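For reference, the structure discussed in these notes is given below.
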Amino acid sequence: MKENLAEFLRRTILKIPLSEMKSILEAWDFLSEEQLQTINLKQRKDYLAQEVILLCEDKRASLDDVVLLDIVYTQFHRHQKLWNVFQMSKEPGEDVDLFDMEQFQSSFKRILQRALKNYRSGACRSQKRASHALEL
């Protein structure tokens, strides 16, 4: 498993509350029932995440598989996610645009830039932690 994929999986596991870990992993439906039984849910989350990563490496988890776990977590915690919704529609036979395209593009661009900035800062922190861990 590639390092960035393992890190994404680790971060996803760490944000899942321990009280919901089993139900979310079951809903994910990637690991077999036998594999789920081997996971010690009473250990620290760091060790639990490492255990899940090893099981996923054995099953050759792909990015799609790990993203699906993140989606399952998001479904369990809809209220914690920030959603941006844009409605773009026209009535049948109507030629006039119902929204200002420049305003939409500007707003959409700001949202993407914010998301990219958050991703970059998170990746930087992860990289610093990893380099610090290697120094130890």
Revision key, fill the gap. Among the residues of the stretch 44-64, the number that are at negative phi and open to solvent by 40 Å² or more (accessible area, probe 1.4 Å) is 13
Review point. Would you say GLN35 is assigned to a loop (DSSP other than H, G, I, E, B) and open to solvent by less than 80 Å² (accessible area, probe 1.4 Å)?
Key: no
**Study point:** Hits in the stretch 79-116 - residues which are among the acidic types (Asp, Glu) and either open to solvent by less than 100 Å² (accessible area, probe 1.4 Å) or at pLDDT below 75 (or both)
**Key:** GLU91, GLU94, ASP95, ASP97, ASP100
Point to revise | Output for the stretch 7-27, where each listed residue is under 18 Å from LEU63 (Cα atoms) and open to solvent by less than 10 Å² (accessible area, probe 1.4 Å) | key: LEU9, THR12, ILE13, ILE24, LEU25
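The values are calculated or read from the model by the stated rules, or taken from the named source; none is laboratory data. As the structure is a prediction and not an experimental result, all values here were calculated from the model. Only protein heavy atoms, including side chains, enter the accessible area calculation; ligands, DNA and RNA are left aside. Shrake-Rupley method; radii C 1.70, N 1.55, O 1.52, S 1.80 Å.
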